[in-house]
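Structure record follows, encoded as structure tokens.
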Amino acid sequence: MQEVYTRFGSEIAKGLKRSTQAQANTKCWPTYVQDLPTGDEMGKYLALDLGGTNFRVLLVTLKGHHDASVDSQIYAVPKDLMVGPGVDLFDHIAECLAKFVAKHDMRNAYLPLGFTFSFPCEQVGLKEAMLTRWTKGFDCAGVEGEDVGRLLHEAIQRRDDVEIDVVGILNDTTGTLMSCAHRNPDCRVGVIVGTGCNACYVEHVDNVELMDPAYKRKQKQVIINIEWGAFGESGQLDFVRTEHDRKIDEKSINRSEQLFEKMTSGMYLGELVRLVLVQALEQNVIFKLSSKRQEYADILRNNVDIFETKHMSEIEDDTFPEFANTRRIVKQLFGLEKAAVEDCQKLKYICECVARRAGTLVAIGVSGLINRISDRRVVVGIDGSVYRYHPKFDAYIRETMHKLVKSDKEFDIMLSEDGSGRGAALVAAVASKTK
Ligand code: BGC
């Protein structure tokens, strides 16, 4: 834990410096979001949210007094769009947006839009964001190296049926930080532990060499998108990575990339459990008394992703000796009726090890940020399916934070309320104000 903590800290320092950023895994991109919300923001804003399991269009009404309401629509992103030509993906986004605007009868209204695009982007301003690499199973041709704001704008123009002004592009971690800061002014860190994993924090502009100096004059702070999912790509985590981690990486579409993310996020945790379980079956240390053990092992071995991260949450929620969820899941996944108590305990233990390790790694990162920030009290805003739905993830994180956060600091963790929607509206609102 201490070793990862130290390596993580030096990686962030590298990411912030012009001379070393190229070698850093954690790119620490300035987001150009420099104003945190006051809670008084008002107005209607559109938001787009791309980067998790679904794509969403939202209409956010900021009401002042730290209050907001959100009306949203979820659209699926078909698998072929995730790996097809980028133009098709952006046409799909523009089509969903146009439908949403028509449905809400807003064709003639002027609505600023905040685009939550949750992939690593190099920003040169609030509205220009160059995708540096795809993550989380996306791989659309013609987008890496391009400004996603321009691609969205062009897709909207191709349709020519809506008039939308994209005023800001942000990462979901920034949205999370903004949405929590809207409620609690002490929020300085935003974290996502969902399909992917990442964090951002508020840094003093003097420490951010890669930011255009013109932006440093008025405001002394800026949100930094760390992109910590990439941590470990220079081997820093090799001493803790297991054969299962290596297998996950080898069969992923982004080999050797996002190694920290592959140990911490929802896209991979369930799969890690499946791999451990296959090995345990092969070594005859689980479901020993079952005559069909070979059959179970085959089913598990041949069905990649059959064990989902949500199953871990359900299993860790189970109580001794009923194990109602565990028994239902093993029956559903490989047809085993009435699993023995001992086997349920073992499966639960595997799930716990994988989740606890993820929580520990996330906490190492968060503690490093809190210790870096000069404020004595720091609130951390967190969101994402793993954090939200896993019954013990919050406890795992806190346990490690209590060990690593400096004793003169005070911290709290708060669950974010729809960071990608409300946060996007807040970025759009502060952008309009600045303008
Ligand atoms: C992306 C980040 C994002 C995180 C959480 C990662 O794969 O690179 O930009 O914040 O997922 O959605």
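The values are calculated or read from the model by the stated rules, or taken from the named source; none is laboratory data. These numbers come from a predicted model, not from an experiment. Neighbour counts run over all protein chains shown; Cβ positions are idealised from the backbone, glycine included. All accessible areas refer to the heavy atoms of the entire protein, side chains included, with ligands and DNA or RNA removed. Shrake-Rupley method; radii C 1.70, N 1.55, O 1.52, S 1.80 Å.
List of remarks:
- Here Leu177 fulfils each of the conditions (1) under 25 Å from Ala109 (Cβ atoms); (2) among the aliphatic types (A, V, I, L, M); (3) within 14 Å of the ligand (Cβ to nearest atom); (4) in a helix (DSSP H, G or I) apart from (1).
- Any hit, segment 269-283, residues being acidic (Asp, Glu), open to solvent by less than 40 Å² (accessible area, probe 1.4 Å) and either within 16 Å of the ligand (Cβ to nearest atom) or part of a helix (DSSP H, G or I) (or both): yes
- Among the conditions (1) within 16 Å of the ligand (Cβ to nearest atom); (2) free of Cβ contacts under 8 Å to residues at least 40 places away in the same chain; (3) among the basic types (Lys, Arg), the only one that Arg150 does not satisfy is (1).
- Selected residue (criterion: farthest from Asn225 (Cα to Cα)) from residues of segment 125-146 that are surrounded by fewer than 21 Cβ atoms within 10 Å (Cβ to Cβ) and of a type in the set (D, E, K, R): Asp139
- The C-beta contact set for segment 260-282 (first residue acidic (Asp, Glu), second residue more than 10 Å from the ligand (Cβ to nearest atom) and open to solvent by 10 Å² or more (accessible area, probe 1.4 Å), distance under 6 angstrom, 6+ apart or interchain) comprises Glu271/Asp305.
- The residues of segment 221-259 that are among the small types (Gly, Ala, Ser) and either in contact with a His (Cβ under 7 Å, 6 or more places away or on another chain) or surrounded by 24 or more Cβ atoms within 10 Å (Cβ to Cβ) (or both), listed by number, are Gly229, Ala230, Gly232.
- Scanning segment 221-242 for residues that are part of a strand (DSSP E or B), within 16 Å of the ligand (Cβ to nearest atom) and among the β-branched types (Val, Ile, Thr) yields Ile223, Ile224.
- Selected residue [among the charged types (D, E, K, R) and within 16 Å of the ligand (Cβ to nearest atom)] from Asp165, Asp172, Asp160: Asp172
- If the condition is being modelled with pLDDT under 95, more than 27 Å from Lys433 (Cβ to Cβ) and exposed (fewer than 15 other Cβ atoms within 10 Å of the Cβ), then segment 44-79 contributes Thr53, Asn54, Ala76, Pro78, Lys79.
- For Lys262, the stated conditions hold: it is charged (D, E, K, R) and surrounded by 23 or more Cβ atoms within 10 Å (Cβ to Cβ).
- Test: residue in segment 182-198 that is basic (Lys, Arg) and out of contact with any strand residue (DSSP E or B) (no Cβ under 9 Å at 6 or more places or on another chain): no
- Among the residues of segment 103-119, those identified as more than 16 Å from the ligand (Cβ to nearest atom) and either touching a residue at least 40 places away in the same chain (Cβ under 8 Å) or of a type in the set (Asp, Glu) (or both) are His104, Asp105, Met106, Arg107, Ala109, Tyr110, Leu111, Pro112, Leu113.
- Among the residues examined, Glu122 qualifies as in contact (Cβ under 8 Å) with a residue 40 or more places away in the chain, open to solvent by 60 Å² or more (accessible area, probe 1.4 Å) and within 16 Å of the ligand (Cβ to nearest atom).
- Of all residues making up segment 8-43, the number that are in contact with a Phe, Trp or Tyr (Cβ under 8 Å, 6 or more places away or on another chain) and open to solvent by 50 Å² or more (accessible area, probe 1.4 Å): 0
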